[in-house]
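Trainee: Before I ask anything, here is the structure I am working with.
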Amino acid sequence: RYVQHFQEQVNNWRSKLGAVESVIKVWLEAQRAWQYMESIFTGSVDIREQLPDDSKRFDSIDSDWKELMYDAVNTPNALEMCNREGLYELLEDIRNRLLLCEKALNDYLEVKRKAFPRFYFV
């Protein structure tokens, strides 16, 4: 009854804040995966040699991620940043590509574990 006068503004804010929640959720998932994979793919020559396609994929992801972080630093308003056109889709794409890299890495490590059982402790 009292909100009818502000209903349009309330719906607008609800929509914007819902987008912020969705983007931050996917962003954090992508960030966790990127942090895990970054040290592996940038610090291990062996992994880069054994998984060349995934290394190239990660290099592309890394470039996209760093560009996104640069944009985030230059847009300190979370509401504005999270409601950018295409951001949610970009983050989902990054997350999905990271999952592919992680799967390939796990498959590679599983092969190594079978060859060297002591790697099961790693």
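Trainee: Return yes when Arg48 is in a helix (DSSP H, G or I) and either closer than 18 Å to Leu109 by Cβ or open to solvent by 80 Å² or more (accessible area, probe 1.4 Å) (or both) and no when it is not.
Mentor: Numbers: in a helix (DSSP H, G or I): yes; either closer than 18 Å to Leu109 by Cβ or open to solvent by 80 Å² or more (accessible area, probe 1.4 Å) (or both): yes.
It is true that Arg48 is in a helix (DSSP H, G or I) and either closer than 18 Å to Leu109 by Cβ or open to solvent by 80 Å² or more (accessible area, probe 1.4 Å) (or both).
Trainee: So, of the residues in segment 102-122 that are more than 19 Å from Glu49 (Cα to Cα) and open to solvent by 90 Å² or more (accessible area, probe 1.4 Å), which turns out to be modelled with the lowest pLDDT?
Mentor: Val122
Trainee: Given the residues Leu99, Leu28, Leu79, which is the only one that is touching a residue at least 60 places away in the same chain (Cβ under 8 Å), in a helix (DSSP H, G or I), open to solvent by 60 Å² or more (accessible area, probe 1.4 Å) and not small (Gly, Ala, Ser)?
Mentor: Values: Leu28 fails: touching a residue at least 60 places away in the same chain (Cβ under 8 Å); Leu79 fails: open to solvent by 60 Å² or more (accessible area, probe 1.4 Å).
Exactly one residue qualifies, and that residue is Leu99.
Trainee: Going by what's in this entry, would Phe41 be described as part of a helix (DSSP H, G or I) and either more than 18 Å from Leu99 (Cα to Cα) or basic (Lys, Arg) (or both)? Explain how you work it out, then say what you get.
Mentor: Values: part of a helix (DSSP H, G or I): yes; either more than 18 Å from Leu99 (Cα to Cα) or basic (Lys, Arg) (or both): no.
Considered against the rule, which asks whether it is part of a helix (DSSP H, G or I) and either more than 18 Å from Leu99 (Cα to Cα) or basic (Lys, Arg) (or both), Phe41 comes out as no.
Trainee: Also, I was wondering about something else. Considering only residues that are among the basic types (Lys, Arg) and either outside any helix (DSSP H, G or I) or surrounded by 11 or more Cβ atoms within 10 Å (Cβ to Cβ) (or both), which ones fall in segment 1-25? Quick ask: steps written out before the conclusion?
Mentor: We begin by selecting, within segment 1-25, every residue among the basic types (Lys, Arg); these are 1, 14, 16, 25.
Correct list: Arg1, Lys16, Lys25.
Trainee: Restricting to segment 1-25, what's the tally of residues that are over 26 Å from Glu89 (Cβ atoms) and either touching a helix residue (DSSP H, G or I) at 6+ places or on another chain (Cβ under 9 Å) or in contact (Cβ under 8 Å) with a residue 60 or more places away in the chain (or both)? Give the steps one after another, and end with the answer.
Mentor: Filtering segment 1-25 for residues over 26 Å from Glu89 (Cβ atoms) gives 1-10.
If we keep only those that are either touching a helix residue (DSSP H, G or I) at 6+ places or on another chain (Cβ under 9 Å) or in contact (Cβ under 8 Å) with a residue 60 or more places away in the chain (or both) too, we end up with 3.
Count: 1.
Trainee: Still on this model: Scanning segment 82-96 for residues that are exposed (fewer than 12 other Cβ atoms within 10 Å of the Cβ) and of a type in the set (D, E, K, R), which turns out nearest to Val23 (Cα to Cα)?
Mentor: Going through the qualifying residues, I end up with Glu89.
The values are calculated or read from the model by the stated rules, or taken from the named source; none is laboratory data. This one's a predicted model, so the numbers in the text were calculated from it and none came from an experiment. Cβ sites come from the backbone with ideal geometry, for glycine too, and all protein chains shown count toward neighbours. When the accessible area is computed, the model is the full protein with side chains, heavy atoms only, and any ligands, DNA or RNA have been set aside. Shrake-Rupley method; radii C 1.70, N 1.55, O 1.52, S 1.80 Å.
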